[in-house]
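Here it is, the structure, as structure tokens.
The values are calculated or read from the model by the stated rules, or taken from the named source; none is laboratory data. This structure is a prediction, so every number in the text was calculated from the model and none was measured. Because the Cβ atoms are built from the backbone with ideal geometry, glycine has one as well, and the counts that use them run over all protein chains shown. To get the accessible areas, we keep the full protein, side chains included, count just its heavy atoms, and leave off ligands, DNA and RNA. Shrake-Rupley method; radii C 1.70, N 1.55, O 1.52, S 1.80 Å.
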Amino acid sequence: MQERLKRIVIVGGGAAGWMTAAALSKVLQSTDVSLTLVESDEIGIVGVGEATIPDMLQFNLFLGLVEADLMRATQATFKLGIEFVDWSGDGSRFFHPFGFHGIDIDGLDFHQYWLHCRAHGHPHWIGEYCLTEIVAKRNKFAFPDMRVAGAPASFLRYAYHFDAALYGRYLRGYAEQRGVRRVEGKVCNVLRAPETGHITGVQLQNGPTISGDFFFDCTGFRSLLLHQALEVPWVDWRHWLPCDRALAVACRHAGPLLPYTRSTARTAGWQWRIPTQQRTGNGHIYCSDFMNEDEATAMLLDGLDGEVIGSPRLIRFATGHRRTFWEKNCVAIGLSAGFLEPLESTSLYLIRQGISRFIALFPDASIAPVMRDEYNLWMQKDFEQVRDLLVLHYYANGRDEPFWRHCRNMVIPDTLKRRLALFSEGGRFLRFEGELFPNASWVAVMLGHNVIPRTIDPLVSSRPHAEIGQKLALLRQAMNGFADAAPTHEEVLRQYCASSAA
Ligand SMILES: Cc1cc2nc3c(=O)[nH]c(=O)nc-3n(C[C@H](O)[C@H](O)[C@H](O)COP(=O)(O)OP(=O)(O)OC[C@H]3O[C@@H](n4cnc5c(N)ncnc54)[C@H](O)[C@@H]3O)c2cc1C
């Protein structure tokens, strides 16, 4: 008879631990499988991570969360994309929006039509055909509306800026209501079966041993189970993503609440600016080979746009992932599995991927290696696809400091090389199954970094550009009309989800 897993133990209660607990409590409801989460108040959580991508909506929908309630509880604002400032030299700017540019015509990509018109002197940037970007730049917000295919609002997409620690707390309430048992304590020993090497339990300091059949390592950068106990080695990507330090600090709001993240290039890294309802989160990601902590701190504090709250906190990190994400009877989710710096706000997405891929391959007690191997393959692909977009930002920069020259001269991953070659030649894409970033993201980032295709799709360039220009004018008019009528971001927040603490 097929034996089932009976006792699942999650070690770690950061966003990764509670997202895992919440999702498993949902799919395991009405079963006799026990879910226990162990976390240590003494160790605490990493406590950064405020920007998300639209994928987060799917996760919340799957859990059945009420959006306005969640936003209120997590101090959330809406996020429509990321503005990249100074990446091609001081004064340069471009926007990586959620959502799409224009509308594909006769099955051919919109950006090809735009390139065609541009080659004939068309003065408008492609972002002027992206409704999400237009709305964002006016500090407005509107919900997508899918009822009429092709209508402007059907092209909108959004995510949130929120307090990830509050998000974890919110999900803790959700998971505990569905039977997850929380144990407070510090794990001091991981017990393993001598014959198989499988984990059998975690021993708490001055406390009991929590036994289980399957374990999730959500212990953050420590990677207590996967790395320290099971000795899964690290795959280092520092040669592609050389930043290794973050300084994080909050400040008071100054000016309107922008519905987008801002990422500003600095001498040896970049600075984020993320508005939640109560404060603005700021951080300076930098490379310690090119800048020391004092310089990095001064630069961060100098770049704040409101009064600082507290003092900057230093976080050391390495970029890469564990060689395997699932080893024996243990899956690592979150920072214990790997880390890609937050330039595209993808960490919570990778957590979500880890959880949903595990659910799709949920094993029985035999833990068939085929499930594990498939999981590891897919998670590696997920990490690699995100990595490529991040590396592109560094590699295609147009700045002149030693750090940025170093990035321009690095040998990039083969997959990114192929992506760049295809786009530079003819604005085409390399796409993998299940890829996170839509073509619109690659278009925005490539063009934003001045990677302009050498040729235009002949199926488009053979069409009369004047006629296309007229279509583009109508599109711009419709999108601007929509944006004119949209409420401001702050109005929507006030009416929909104002937090009492804000
Ligand atoms: C600088 C920076 C900026 C970031 N920005 C973003 C962003 O904008 N968007 C985004 O999506 N993500 C971002 N992230 C990532 C995000 O912070 C994490 O992915 C997320 O918070 C999940 O962290 P975690 O739960 O894996 O680890 P942690 O929050 O570190 O949680 C680890 C848990 O394990 C427990 N633990 C550890 N050791 C033990 C032990 N021995 N016994 C018991 N319990 C133990 C701890 O107590 C804690 O509960 C950022 C990360 C960094 C470093």
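For region 92-104, what are the residues that are over 16 Å from Ser154 (Cα atoms) and either surrounded by fewer than 22 Cβ atoms within 10 Å (Cβ to Cβ) or hydrophobic (A, V, I, L, M, F, W, C) (or both)? Don't jump to the end; show me each part of the working.
Within region 92-104, the first condition is being over 16 Å from Ser154 (Cα atoms), and the residues that meet it are 92-96.
Of everything in region 92-104, those that are over 16 Å from Ser154 (Cα atoms) and either surrounded by fewer than 22 Cβ atoms within 10 Å (Cβ to Cβ) or hydrophobic (A, V, I, L, M, F, W, C) (or both) turn out to be Ser92, Arg93, Phe94, Phe95.
Further, regarding this structure: State which residue is nearest to the ligand (Cβ to nearest atom) when the search covers only region 221-252 and only residues that are closer than 22 Å to Pro312 by Cβ and in contact with a strand residue (DSSP E or B) (Cβ under 6 Å, 6 or more places away or on another chain).
Ranking the qualifying residues of region 221-252, first place goes to Ala246.
Right, something else. Condition first: farther than 19 Å from Ser441 by Cβ and surrounded by 17 or more Cβ atoms within 10 Å (Cβ to Cβ). Now tell me which residues in region 64-91 satisfy that. Steps first, please.
Taking region 64-91 and keeping what is farther than 19 Å from Ser441 by Cβ, we get 64-77, 86, 89-91.
Of everything in region 64-91, those that are farther than 19 Å from Ser441 by Cβ and surrounded by 17 or more Cβ atoms within 10 Å (Cβ to Cβ) turn out to be Leu65, Leu70, Met71, Arg72, Ala73, Thr74, Gln75, Ala76, Thr77, Asp86.
Exactly one condition in (1) touching a helix residue (DSSP H, G or I) at 6+ places or on another chain (Cβ under 8 Å); (2) modelled with pLDDT under 95 is false for Arg182; which is it?
(2)
Quick check, is Ala268 of a type in the set (A, V, I, L, M), at pLDDT 95 or above and either under 30 Å from Gly81 (Cα atoms) or in contact with a Cys (Cβ under 7 Å, 6 or more places away or on another chain) (or both)? Walk me through how you get there before you give the answer.
Values: of a type in the set (A, V, I, L, M): yes; at pLDDT 95 or above: yes; either under 30 Å from Gly81 (Cα atoms) or in contact with a Cys (Cβ under 7 Å, 6 or more places away or on another chain) (or both): yes.
Taking the combined requirement at face value, the residue satisfies it.
So which residues in region 17-55 are within 16 Å of Gly334 (Cα to Cα) and open to solvent by less than 10 Å² (accessible area, probe 1.4 Å)?
Residues satisfying the conditions are Gly17, Trp18, Met19, Thr20, Ala21, Ala22, Ala23, Leu24, Leu37, Val38, Thr52.
Tally the residues that are among the hydrophobic types (A, V, I, L, M, F, W, C) and farther than 21 Å from Ala136 by Cα, restricting the search to region 461-502. Show your work before the answer.
So the first thing to find is which residues in region 461-502 are among the hydrophobic types (A, V, I, L, M, F, W, C), and the list is 466, 468, 472-475, 478-479, 482-483, 485-486, 492-493, 497-498, 501-502.
Those still in the list that are farther than 21 Å from Ala136 by Cα too: 466, 468, 501-502.
Within region 461-502, residues that are among the hydrophobic types (A, V, I, L, M, F, W, C) and farther than 21 Å from Ala136 by Cα number 4.
Next up: Could you go through region 215-227 and let me know if any residue there is open to solvent by less than 40 Å² (accessible area, probe 1.4 Å), farther than 23 Å from Leu335 by Cβ and touching a residue at least 40 places away in the same chain (Cβ under 8 Å). Before you say what the answer is, go through the steps one by one.
Within region 215-227, the first condition is being open to solvent by less than 40 Å² (accessible area, probe 1.4 Å), and the residues that meet it are 215-220, 223-226.
In the following step, the residues that additionally are farther than 23 Å from Leu335 by Cβ were identified as none.
Among the residues of region 215-227, not one is open to solvent by less than 40 Å² (accessible area, probe 1.4 Å), farther than 23 Å from Leu335 by Cβ and touching a residue at least 40 places away in the same chain (Cβ under 8 Å), which makes the answer no.
Right, here's the next one. Pick out, from region 296-397, the strands (runs of 3 or more DSSP E) lying fully within it that include 2 or more residues that are surrounded by fewer than 21 Cβ atoms within 10 Å (Cβ to Cβ).
Hits in region 296-397: 308-316.
Something else now. Is it fair to say Ala360 is out of contact with any Gly (no Cβ under 6 Å at 6 or more places or on another chain), more than 24 Å from Trp234 (Cβ to Cβ) and of a type in the set (Gly, Ala, Ser)? Steps first, answer last, please.
Values: out of contact with any Gly (no Cβ under 6 Å at 6 or more places or on another chain): yes; more than 24 Å from Trp234 (Cβ to Cβ): yes; of a type in the set (Gly, Ala, Ser): yes.
Yes; evaluated as a whole, the condition is true for this residue.
Can you pull out every residue in region 243-253 that is in a loop (DSSP other than H, G, I, E, B) and open to solvent by 10 Å² or more (accessible area, probe 1.4 Å)? I'd like the intermediate steps shown before the answer.
Residues of region 243-253 in a loop (DSSP other than H, G, I, E, B): 243-244, 252-253.
Correct list: Asp244, Arg252, His253.
What number of residues within region 398-422 are touching a Pro at 6+ places or on another chain (Cβ under 9 Å), over 29 Å from Gly354 (Cβ atoms) and buried (at least 18 other Cβ atoms within 10 Å of the Cβ)?
1
Would you confirm whether or not region 1-9 contains a residue that is open to solvent by less than 20 Å² (accessible area, probe 1.4 Å) and under 27 Å from Tyr496 (Cα atoms)?
Kept after step one, since they are open to solvent by less than 20 Å² (accessible area, probe 1.4 Å), are these residues of region 1-9: 5, 8-9.
Add one more test, that the residue is under 27 Å from Tyr496 (Cα atoms), and what stays is none.
No, the conditions are met nowhere in region 1-9.
State all residues of region 159-189 that are open to solvent by less than 20 Å² (accessible area, probe 1.4 Å), part of a loop (DSSP other than H, G, I, E, B) and either closer than 30 Å to Gly99 by Cα or of a type in the set (A, V, I, L, M, F, W, C) (or both); if no residue qualifies, say none.
Within region 159-189, Phe162, Val180 meet the criteria.
For residues that are surrounded by fewer than 17 Cβ atoms within 10 Å (Cβ to Cβ) and at pLDDT 95 or above, tally how many sit in region 423-461.
Of the residues in region 423-461, 10 are surrounded by fewer than 17 Cβ atoms within 10 Å (Cβ to Cβ) and at pLDDT 95 or above.
Does region 235-242 contain at least one residue that is in contact with a His (Cβ under 8 Å, 6 or more places away or on another chain) and over 24 Å from Phe84 (Cβ atoms)?
Within region 235-242, one or more residues are in contact with a His (Cβ under 8 Å, 6 or more places away or on another chain) and over 24 Å from Phe84 (Cβ atoms).
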